[in-house]
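> Got a structure for you, written out below as structure tokens; questions coming shortly.
The values are calculated or read from the model by the stated rules, or taken from the named source; none is laboratory data. Predicted model, so just to flag it, every value in this text is computed and none were measured. We place every Cβ from the backbone using ideal geometry, glycine too, and count neighbours over all the protein chains shown.
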Amino acid sequence: MPAVELQNLWKDFHSVPAVCGIHLSVQEGELLALLGPSGCGKTTTLRTVAGFEVPTAGEIRIRGKTVSGPGHFVPPEARNVGMVFQSYAVWPHMTVEANVAYPLKLRGVPPAERRERTRRVLELVQLPGLEFRFPHQLSGGQQQRVALARALNMEPAVLLLDEPLSNLDAQLRKEMRLEIKALQRRLGITILYVTHDQEEALTMADRIAVMGSGVIHQVAPPEEVFEEPADRFVAEFMGCTTFLPCEVAGVNRVRLLLGEEAPTVSCPLPSGVSGRGVLGIRAQEAHLIRDGSEALTGRVTLRTYRGGSFEVRVQVGKHVIPLITTTPLREGDTVQFALGPVRFFPDVSCAIPGEVPQATVM
Ligand SMILES: Nc1ncnc2c1ncn2[C@@H]1O[C@H](COP(=O)(O)OP(=O)(O)OP(=O)(O)O)[C@@H](O)[C@H]1O
Ligand SMILES: [Mg+2]
């Protein structure tokens, strides 16, 4: 039985849809990252699971129990979910210990047990020794650990984390990612983790749900979302920066339409596909080659140093293709290169037998 199930979940604000009929399940013990750009509906989705928003339509189940559905609404305090927000939502007038022990106090856990459980959970988030400090005496990362410890102390069926690391500096963010991941593994907790940071989702998640404009485009393990993005929107979010026009030129072959240049390259294609589309390219996958039937030729128009390697822009016909290389090329050089793994996304009008063409992507 999934820990959380969303079935056809809709949420409108004053008739403007924020979440548009999503389906999603989070398995027990899984960390599922809900990844998408600002305003796509991530927080709204999380808040409906927590019970802070009433859905416009659809059903939410936690461990098989309906908590939100037609004519049925379980309030947040009766859902057994813990939530940690982007801003450190800790009570400023309470010590670390009092903050973390608070959910246990609410449940009437006796003081001795409360102290012991609080001590253990503070150890888990690596905050022992700070029990009697107040939040203003802590760093941002420490405050966020207090919020996390408090949520863990509830022993929730599911932990909802809404961009919990985005206020931390880059180094601390990286450390906390690993700590949360290790904690989740050790305790076997279920986490629904909202982020707009693809690297965070890739490093932490068991599965990623990519969301855009209130709909979910793909749910898959990180490798699959990265290697086989379901559509152009997911590809762009996963670092494909360049999309080259092309047309299908045979089985697993496409012809690039780059002005005077029309080289063909190999590319995995759904069987029977035809017509035009685009090829998604990542700069770090394109690479220089000496020769070869799939070599493209172009001229370097810009070179920037990125520490240990260069990013160069190569003009081919009317198009500019970025590639990353350790070779110290100069602007004006003519180079031969291969695109690396490419992904074909058909134009909306392009036919794939047996499939509805992808919806328009933003
Ligand atoms: N209380 C509200 N009233 C009206 N509109 C709202 C409300 N809350 C959210 N929205 C709108 O719903 C849409 C989704 O918002 P949401 O906060 O879920 O996005 P998000 O994906 O969490 O974005 P971010 O990454 O910026 O936090 C946005 O267009 C937002 O303006
Ligand atoms: Mg948000």
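> Could you please find all residues in segment 40-55 being within 16 Å of ligand 2 (Cβ to nearest atom), part of a loop (DSSP other than H, G, I, E, B) and either without any contact (Cβ under 8 Å) to a residue 40 or more places away in the chain or surrounded by fewer than 20 Cβ atoms within 10 Å (Cβ to Cβ) (or both)?
Within segment 40-55, 52, 53 qualify.
> If you take the residues in segment 191-208 that are under 8 Å from the mean Cα position of the chain (by Cα) and among the polar types (S, T, N, Q), which one is surrounded by the fewest Cβ atoms within 10 Å (Cβ to Cβ)?
Here the answer is 198.
> Considering every residue within segment 7-18, establish whether at least one is within 15 Å of ligand 1 (Cβ to nearest atom), under 21 Å from residue 180 (Cα atoms) and buried (at least 18 other Cβ atoms within 10 Å of the Cβ).
Checked segment 7-18: no residue is within 15 Å of ligand 1 (Cβ to nearest atom), under 21 Å from residue 180 (Cα atoms) and buried (at least 18 other Cβ atoms within 10 Å of the Cβ).
> Going by the conditions given, is residue 177 of a type in the set (Lys, Arg), more than 16 Å from ligand 2 (Cβ to nearest atom) and surrounded by 24 or more Cβ atoms within 10 Å (Cβ to Cβ)?
No; evaluated as a whole, the condition is false for this residue.
> Next up: Are there any pairs with C-beta distances below 7 angstrom linking a residue in segment 266-290 that is in a strand (DSSP E or B) to a residue that is at pLDDT below 90 and among the acidic types (Asp, Glu), with the two at least 6 apart or on different chains, and if so which?
That search, which allows pairs on different chains as well, returns 266/294; 276/347; 277/347.
> Can you name the helices (runs of 4 or more DSSP H) wholly within segment 185-247 that have at least 1 residues being acidic (Asp, Glu) and within 21 Å of residue 159 (Cα to Cα)?
Here the list reads 198-204.
> Inside segment 56-95, can you point out the residues that are within 16 Å of ligand 2 (Cβ to nearest atom) and without any contact (Cβ under 8 Å) to a residue 60 or more places away in the chain?
Correct list: 89 only.
> Another question, if that's okay. Quick test of your reading of the structure: residue 123 fulfils all but one of (1) surrounded by 19 or more Cβ atoms within 10 Å (Cβ to Cβ); (2) at pLDDT below 95. Name the failing condition by number.
It is condition (1) that residue 123 fails.
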